[in-house]
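The values are calculated or read from the model by the stated rules, or taken from the named source; none is laboratory data. Values in this document were obtained by computation on a predicted structure and should not be read as measured data. Cβ placement follows ideal geometry from the backbone for every residue including glycine, while neighbour counts extend to all protein chains displayed. Ligands, DNA and RNA are stripped out before the accessible areas are found, and what is left, the full protein with its side chains, is counted by its heavy atoms. Shrake-Rupley method; radii C 1.70, N 1.55, O 1.52, S 1.80 Å.
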Amino acid sequence: MPLPEDCDFRSVMEALPDHLEVGFSGDWGMADAFMSGAVSFYSAIAGTWPVPLVALEEAAVAGDAAPMQALSDELSVLWDLCKTVGSVRVAHALAQEMGLITTSLPRPLLDFDGTVRAQVRGLAQQLGVDAG
């Protein structure tokens, strides 16, 4: 389910029947969703760069809100870019920067221009994103 506009995850979950488990999508909302009791999350970035997203999920399963929020805060520049231009496009550009793929996005999605591409490259360097 998409992230609630007001980030009120608890209200969304409380409105659902008890037997229904909810998961959210929108990479930047992962920590907030888990801290509010979501049981799953759908991520575009995790398929390309799983290490920090798995760490977020492991902290959620352990109930460790502080490290989960700290890691999400460290990734705030990534989240800001995802919110601005879309997580799928950012994940694709990261995969290109990591040397994992050389293909273009399928239409109607468009690859980034030089300015946003430079932002992704700088972000990858800043966060230490690599193929390993």
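Name every residue in the range 123-132 that is within 17 Å of the chain's Cα centre (by Cα), open to solvent by 80 Å² or more (accessible area, probe 1.4 Å) and farther than 15 Å from Trp79 by Cβ, in order of residue number.
Within the range 123-132, just Asp130 meets the criteria.
Any chance you could count how many residues in the range 6-64 are hydrophobic (A, V, I, L, M, F, W, C), open to solvent by less than 20 Å² (accessible area, probe 1.4 Å) and assigned to a helix (DSSP H, G or I)?
8
Does the range 93-111 hold any residues that are outside any helix (DSSP H, G or I), in contact (Cβ under 8 Å) with a residue 12 or more places away in the chain and open to solvent by less than 80 Å² (accessible area, probe 1.4 Å), and which are they?
Within the range 93-111, Met98, Gly99, Leu105, Leu109, Asp111 qualify.
Of the residues Ala46, Ala124, which single one is in contact with an Asp or Glu (Cβ under 6 Å, 6 or more places away or on another chain) and free of Cβ contacts under 8 Å to residues at least 60 places away in the same chain?
Ala124
Kindly indicate which of Val120, Val116, Val90 is assigned to a helix (DSSP H, G or I), farther than 28 Å from Met35 by Cβ and either open to solvent by less than 50 Å² (accessible area, probe 1.4 Å) or modelled with pLDDT under 90 (or both).
Val116
Please verify whether Gly26 is on the phi > 0 side of the Ramachandran plot and in contact (Cβ under 8 Å) with a residue 60 or more places away in the chain, treating the condition exactly as stated.
Details: on the phi > 0 side of the Ramachandran plot: yes; in contact (Cβ under 8 Å) with a residue 60 or more places away in the chain: yes.
Criteria met by Gly26.
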